[in-house]
1. Can you tell me which of GLU186, GLU92, GLU142, GLU149 is closer than 18 Å to HIS31 by Cα and among the charged types (D, E, K, R)?
2. Going by what's in this entry, would PHE109 be described as out of contact with any strand residue (DSSP E or B) (no Cβ under 8 Å at 6 or more places or on another chain), closer than 26 Å to SER205 by Cβ and crowded, with 21+ Cβ neighbours inside 10 Å?
3. Please specify each residue of segment 196-228 satisfying the condition of being part of a helix (DSSP H, G or I) and closer than 18 Å to GLY124 by Cα.
4. Regarding GLY152, is this residue within 30 Å of PHE50 (Cα to Cα) and out of contact with any strand residue (DSSP E or B) (no Cβ under 6 Å at 6 or more places or on another chain)?
5. Examine segment 124-133 for a residue that is exposed (fewer than 14 other Cβ atoms within 10 Å of the Cβ) and at pLDDT 95 or above, and state whether such a residue exists.
6. Is it the case that ALA94 is under 23 Å from GLY128 (Cα atoms) and among the hydrophobic types (A, V, I, L, M, F, W, C)?
7. In this structure, is GLY103 closer than 25 Å to SER205 by Cα and in a helix (DSSP H, G or I)?
8. Looking only at segment 56-74, which residues are of a type outside the set (Gly, Ala, Ser) and either assigned to a loop (DSSP other than H, G, I, E, B) or free of Cβ contacts under 8 Å to residues at least 24 places away in the same chain (or both)?
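The values are calculated or read from the model by the stated rules, or taken from the named source; none is laboratory data. This one's a predicted model, so the numbers in the text were calculated from it and none came from an experiment. Heads up, the Cβs are rebuilt from the backbone with ideal geometry, glycines too, and the neighbour counts pull from every protein chain shown.
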Amino acid sequence: MGESQMPYADAEGAKLYYEETGSGFPIVFVHEFAGDLRSWEPQLRYFARFYRCIAYNARGFPPSDVPEQPSLYSQDIATDDIAAVMRGAGIENAHVVGLSMGGFAAAHFAMRYGALARSVVIAGCGYGADPAKRTQFKTEAETTADRLEREGMEKMSAVYGSGPTRVQLENKDPRGYREFLQQLAEHSVQGSANTLRGVQAVRPSLYGLEDELKAVDVPVLIVTGDEDEPCLDPGLFMKRTIPTSGLVVIPKTGHACNLEEPEAFNAALREFFLKVENGKWGRRDPRSVSRSILSRDET
């Protein structure tokens, strides 16, 4: 596809590149910090058999624009960008699927743009949410941004890609892991650094959004790997807080759960979408929330 034919959506201060495949009801995929639209390939190839699939690169991730101004990167802007891509693709309503950074954007989309979402999948979401580790996460995000600017993307891709929740992919799928690192090394230093500073380091904690999460009325599926430690407790918190949510935990799995276990990930999403589309995904029965363990709470 020539550059003149590449599809872009207009967003605040940036044009966002997207690709689409398949036909039917739309699914919009929102990638993680260490990935881009290519990291959704196992999902695009599967769900395009049944749906119109759209995946885009976040601002700061070429061929999307890389704004120089740090003020053009934030959690609110990242959330607005999902709506911008939908407008650009002529979509009024969609299933929205996000992983990690994209999972945070999807969660905020459910809170702010519920009318545009048929459902929302929040996967691998929780880094920096733990109130006890907020300062540590902010420091690590800023330090990583500084190192990116000093040492470059090639070197830092190996450092970032060898974290404690990435080794699972390396062990399961060495070829896929090498591809993941190669794609990460191709990212923009400036875009990645601005994203770390403007989105990752300062986004609000999920635990501080309890009232907003309780008000979510869109069907939500939460997905996490059981070895993705920063996301386990936040996943349980979201399950207990969002009244329309269900939780899937994939065993022996780290952060990139869609790449590590694509069959399990796709199957969970497929069943979720079918239940939503057939009116079989309701709110949690209030009788299941009780101080009693074995019998009905009469108090």
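1. GLU186
2. In short, no.
3. If the condition is that a residue be part of a helix (DSSP H, G or I) and closer than 18 Å to GLY124 by Cα, then LEU196, VAL199, GLN200, LEU206, TYR207, LEU209, LEU213 are the ones that fit.
4. No.
5. No, that holds for no residue.
6. Against the criterion (under 23 Å from GLY128 (Cα atoms) and among the hydrophobic types (A, V, I, L, M, F, W, C)), ALA94 does not qualify.
7. yes
8. Across segment 56-74, the qualifying residues are ASN57, ARG59, PHE61, PRO62, PRO63, ASP65, VAL66, PRO67, GLU68, GLN69, TYR73.
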